[in-house]
Amino acid sequence: MTSKASAEQNLRDLALLRRVRDRIDREYAQPLDVEALARGVNISAGHLSRQFRLAYGESPYGYLMTRRIERAMALLRRGDLSVTEVCFAVGCSSLGTFSTRFTELVGVPPSTYRREAAAATEGIPSCVAKQVTRPIRNREAPVTEPQLA
């Protein structure tokens, strides 16, 4: 394969991955799995997972759960839904899995976040609150230099 053909194939692969990512962004509350996402772009689930991780730094499932947690954070900040209602509204079918993943990404359980976030973001426009409260994955956490005494 020539380098030009290889570059063209790479661009086609990236376009397919963007379609998958866009579908996840649009349909996060629907029951999605890697097999269904792969079928939608006519590639194998394993190939999709490998290529998605190379392009975006996380698996399609990880990306889906991050989108769901981000949406859950917004719903919890509103304060008018219970944690269980939020769990099902964002497409999670297990309250335990939702709570575990939420705690991993946000650092506090959803019930604690709901209680604390409403007060912390009061008076802040929702578009700003979304940016300020976006979950930070462990690999994105800022590296701090050790302090010498």
Can you find even one residue in region 89-96 that is surrounded by 15 or more Cβ atoms within 10 Å (Cβ to Cβ), part of a helix (DSSP H, G or I) and either more than 17 Å from the chain's Cα centre (by Cα) or among the small types (Gly, Ala, Ser) (or both)? no
Within the set of pairs 6+ apart or on separate chains, which have a first residue in region 49-61 that is under 10 Å from residue 17 (Cβ atoms) and touching a residue at least 40 places away in the same chain (Cβ under 8 Å), a second that is aliphatic (A, V, I, L, M) and surrounded by fewer than 17 Cβ atoms within 10 Å (Cβ to Cβ), and C-beta atoms under 8 Å apart? 55/14
Might you check whether a residue that is out of contact with any His (no Cβ under 7 Å at 6 or more places or on another chain), at negative phi, of a type in the set (Ser, Thr, Tyr) and assigned by TED's automatic domain parsing to the domain that holds residue 109 occurs anywhere in region 74-82? yes
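Yes or no, residue by residue, for (1) surrounded by fewer than 14 Cβ atoms within 10 Å (Cβ to Cβ); (2) under 17 Å from the mean Cα position of the chain (by Cα); (3) at pLDDT below 90; (4) assigned to a loop (DSSP other than H, G, I, E, B):
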site	(1), (2), (3), (4)
72	no, yes, no, no
84	yes, no, no, no
104	yes, yes, no, no
116	yes, no, yes, no
128	yes, no, yes, no
143	yes, no, yes, yes
So, residue 57, is that one among the small types (Gly, Ala, Ser), modelled with pLDDT of 85 or more and more than 21 Å from residue 31 (Cβ to Cβ) or not? yes
Take the residues of region 1-50 that are in contact with a helix residue (DSSP H, G or I) (Cβ under 9 Å, 6 or more places away or on another chain), farther than 25 Å from residue 71 by Cβ and in a helix (DSSP H, G or I): which is modelled with the lowest pLDDT? 13
Starting from residues that are more than 19 Å from the chain's Cα centre (by Cα) and at negative phi, keep the ones in region 15-43 and report whichever is surrounded by the fewest Cβ atoms within 10 Å (Cβ to Cβ). 15
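The values are calculated or read from the model by the stated rules, or taken from the named source; none is laboratory data. This structure is a prediction, so every number in the text was calculated from the model and none was measured. As a convention, Cβ positions derive from the backbone with ideal geometry for all residues, glycine included, and neighbour counts pool all protein chains shown.
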